[in-house]
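**Student:** I have a structure I would like to understand better, so I am pasting it below and will then ask my questions one at a time.
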Amino acid sequence: MASAARDIGIEIAARGGSVVVRVLGDLDLRTAPEMRIAVLAALERPGLESVVVELSAVRHMDNSGARSLLEAWQAAQERKARFILTGVREGPRRALGIMPRPAGPATAAPASV
């Protein structure tokens, strides 16, 4: 599903009990509703265990995009399905309020004893 008028593309692939929804383009007031509809439709598939929303091609996300993802997450919770975001870049991460992991020793695995 793609829409040139809205400057967004959506690719959907089902794999077993999972559905991957790949978003191509920015998520903003004009485009977020199309992404939300695609994810909600994916959640209606029989036997669904998880929805993976792949955002590596999303450079910008505003509050509308974040709100649409939150609505999709809530819908997944209601259906007892896992909701996974992957490929979240820095701009969308800020919109979602996700902080990057600190670099350095704080993230290193403890030495074995």
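**Student:** Where in the stretch 2-89 are there GluC sites (Glu not before Pro) that are in a DSSP coil and have at most 15 other Cβ atoms within 10 angstrom of their Cβ?
**Tutor:** Counting only loop positions with at most 15 other Cβ atoms within 10 Å, the GluC sites (Glu not before Pro) in the stretch 2-89 are 44, 49.
**Student:** Along the Cα→Cβ direction, 7 angstrom out, place labels at residue 82 and residue 94. What is the inter-label distance in nm?
**Tutor:** Between residue 82 and residue 94, the simple spin-label model gives 3.1 nm.
Every number here is computed from the coordinates shown, using simple stated rules; none is lab data. Owing to the predicted nature of the structure, the values given are computational and were not obtained by experimental measurement. Cβ atoms come from the backbone with ideal geometry, glycine included; neighbour counts cover every protein chain shown.
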